[in-house]
């Protein structure tokens with residue numbers, strides 16, 4: 001990562017923020033930690049006014065949760081069970097390696113990743129969730145999760161001041177993520193630390209956190225130019241391969257197989273995997289990611 | 001502007017087209033492009049063939065095409081020529097003493113010659129005159145003709161004229177006497193690819209006069225009869241003395257340039273002949289003649305041998321004397337019999353009474369030889385006479401230098417492209 005004065009400027013975000021207003025991005029599973037009251041279903045039952053059911057009192061229950069009115073009427077001791085609602089802290093891990101600065105000169109992958117971060121962050125913040133970010137690279141930029149106004153502006157400032165460069169491992173950035181229930185990785189996953197990154201994600205998933213992987217793809221990677229070219233890896237300049245008629249089909253097959261395998265591995269670990277391709281509307285991508293989370297929550301009976 | 005070898009320009013143009021084609025299909029290192037997913041491309045050699053929709057490396061293409069075209073043009077030999085005459089005539093005019101009336105052939109030659117034509121006036125030497133209306137024809141001389149020299153000079157002039165004439169015609173005005181003919185005539189003539197227009201004039205004149213023989217002998221001398229039989233009696237260029245030669249004879253030869261032939265009527269038999277007298281007959285060999293008769297063999301004469309006995313010893317010798325010469329003949333002619341009247345004796349006498357320095361050969365050349373000399377065909381194209389490499393355009397060195405300079409620049413540009 002480098003600070004660059006001649007980096008492509010991030011397009012205006014007003015339209016994106018307007019487009020994602022009203023979008024909800026529920027937790028894919030009940031929040032298992034107690035936090036500030038929020039909009040996400042918690043695993044815990046609590047004292048919220050939203051009634052769910054009665055349960056007979058058992059020894060050891062908190063007597064303060066007894067429904068005294070019911071006890072007075074029926075002389076039976078029942079507890080009033082209510083659903084708990086909580087906020088879900090969300091931290092975005094944005095890949096700032098050199099491969100994200102593609103294609104030049106617009107850095108479409110980086111721009112799309114930043115737009116997704118801002119869009120999803122705005123959606124989460126609108127739900128009252130603390131939002132933070134870690135920008136992978138050297139040095140790693142960290143914005144701790146916050147709910148205050150101006151958080152989006154702070155994230156935007158960091159993104160604008162960052163230019164993707166180098167090949168710093170993303171797993172290091174993931175390790176700097178504070179203890180929050182939802183971690184969103186925005187990357188092209190082309191770093192050399194793919195396996196380590198997956199292991200770290202598994203650890204967080206095992207701890208009950210929600211990990212979502214947003215795979216950013218460039219259209220030029222999916223459909224490289226038809227003319228013969230000498231491809232050069234931006235993170236390993238010595239890696240040069242000729243892409244022509246005879247190697248194009250093999251490239252597309254290998255790249256497709258890798259993407260499929262990557263998605264399978266991450267999904268098998270319990271993470272949500274989304275693909276975003278440059279050129280598509282970032283608001284649409286945000287809605288798609290949020291909708292996928294909603295569908296998963298519904299399938300699991302969590303509800304919105 | 002014309003080209004000496006247009007095929008080279010075609011070759012150069014074809015090479016330029018080849019260069020252009022190579023710039024469409026040449027194997028080259030493709031243009032680099034950053035691609036984060038490079039690792040998924042199979043590892044094959046980076047230098048791959050590519051068909052570009054447009055020619056690549058336009059500067060290199062321009063330099064290469066221009067270089068090969070310039071080199072082709074250099075070998076093609078462009079020359080800027082003035083207007084070419086349709087026909088240039090080379091007239092070989094015999095001005096030797098063999099011509100009976102020298103003025104008549106000169107008039108004929110003047111009729112044939114136009115401005116720009118070439119006159120080759122020849123006898124033993126040849127002089128070249130580039131004809132114009134102010135030129136005059138050289139005067140005739142007593143010298144014999146040398147047709148071989150005339151042909152060689154004319155062929156050289158024809159090659160010189162080939163650059164400014166579409167066609168060249170050779171004309172020979174001569175009696176074509178045997179005196180001017182040699183074995184080299186026909187081989188030299190074979191170098192001329194076309195025909196030769198031969199206008200044969202009357203022979204005789206001063207050359208014939210020069211071969212008249214003044215005989216000083218007894219009245220019944222057999223050789224006097226032979227001279228009379230040849231029809232060469234009279235004061236001329238040869239004096240045949242059958243008795244002792246005097247100082248006046250030598251002075252005559254010295255002053256007039258004639259040939260004094262001392263052929264004694266009485267030849268003292270040599271010792272060698274006395275040993276072979278039993279043969280009964282002798283053979284004398286002279287140029288173009290072998291005479292067999294009961295000759296009386298005398299002592300070998302002095303001077304350069306011009307006739308030999310059959311055993312190789314000299315039978316007659318010639319010594320130069322001033323502009324003339326003195327010949328000593330040691331061949332005794334039998335007084336009895338008709339040996340002196342025989343054909344072989346006539347030919348022997350003719351051979352020994354030729355002009356000084358050469359055997360005498362008179363008479364016209366046979367018509368068959370003249371027809372061979374004239375040959376077939378007509379005029380000869382000027383371009384046909386230009387031998388490969390014989391002519392070079394003045395622009396060729398410059399064009400070669402320019403082509404090589406372009407190749408050097410191409411090398412420098414290519415090196416810079418490779419480095420970049």
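Throughout, read-outs are computed from the coordinates displayed, never taken from laboratory work. Note that the structure is predicted; figures quoted are calculated from it, not measured. Reconstructed Cβ throughout: ideal geometry from the backbone, glycine too, with neighbour counts over all protein chains shown.
A few points about this structure:
- If you take the alpha carbon atoms of segment B:116-203 and fit the smallest convex hull around them, that volume is 100 Å³ per residue.
- Of the peptides A:221-233, A:251-263, the ranking by mean beta-carbon count within 10 Å, highest at the top, reads A:221-233, A:251-263.
- Averaged over A:221-228, number of beta-carbon atoms from partner chains that fall within 10 Å: 4
- Average other protein chain Cβ within 10 Å of Cβ, residues A:275-288: 0
- Equivalent ellipsoid semi-axes - Cα gyration tensor, chain B, angstrom: 76, 26, 16
- Measuring between their Cα centroids, segment A:236-255 and segment A:195-215 lie 30 Å from each other.
- Ellipsoid semi-axes for segment B:65-152, based on the Cα gyration tensor and the rule √(5λ), read 40, 16, 8 Å when sorted largest first.
- Helix A:245-269 vs. chain A, principal-axis angle (Cα, 0 to 90°, nearest 10): 20 degrees
- Order by protection proxy (mean Cβ within 10 Å, highest first), peptides B:392-403, B:286-297, A:180-191, A:100-111: A:180-191, A:100-111, B:286-297, B:392-403
- Added length on full extension, which subtracts the Cα-Cα distance from 0.36 nm per residue, residue A:277 to residue A:15: 92.4 nm
- Cα convex hull of segment A:224-286 - mean projected area over all directions, nm²: 6.0 nm²
- Per residue, chain A reaches -11000 deg cm²/dmol at 222 nm when only DSSP H runs of four or more residues are counted, each adding -39500 (n - 2.57).
- Residue order, fewest to most beta carbons within 10 Å, for B:33, B:92: B:33, B:92
- Ranked packing of B:37-43, B:108-114, A:209-215, B:412-418, most packed first, by mean Cβ within 10 Å: A:209-215, B:37-43, B:108-114, B:412-418
- Look at the alpha carbon pairs under 8 Å that are at least 6 residues apart: their mean separation over the length of chain B gives a relative contact order of 17 percent.
- Cα gyration tensor shape of segment B:286-327, rounded if a/c is under 1.5, else prolate or oblate by comparing a/b with b/c: prolate
- Rounded if a/c under 1.5, otherwise prolate or oblate - chain A, Cα gyration tensor axes: prolate
- Listed residues B:299, B:177, B:220, most fluctuating in chain B (Gaussian network, C-alpha, under 10 Å): B:220
- Of the beta bridges in chain B, as assigned by DSSP with both residues counted there, near 50 percent are antiparallel.
- When the square roots of the Cα gyration tensor eigenvalues are ordered a ≥ b ≥ c, the ratio a/c for segment B:88-132 is 1.5 or more and a/b does not exceed b/c, which makes its shape oblate.
- Taking Cα atoms only, the orientation of helix A:151-160 departs from the longest principal axis of chain A by about 10 degrees.
- Rounded to 10°, Cα long-axis angle of helix B:103-112 versus longest principal axis of chain B: 10 degrees
- Shielding by other protein chains, A:114-127, mean Cβ within 10 Å: 0
- Within the protein assembly as shown, DSSP assigns beta bridges of which about 45% are antiparallel (rounded to the nearest 5).
- Over the C-alpha atoms of segment B:212-352, the Rg to Rh ratio, Rh being the Kirkwood estimate, stands at 0.94.
- Take the Cα radius of gyration of the protein assembly as shown and divide it by 2.2 N^0.38 Å, N being the number of residues; the result is 2.26.
- Estimated from helices alone, the mean residue ellipticity of chain B at 222 nm is -10500 deg cm²/dmol (sum of -39500 (n - 2.57) over DSSP H runs with n ≥ 4, per residue).
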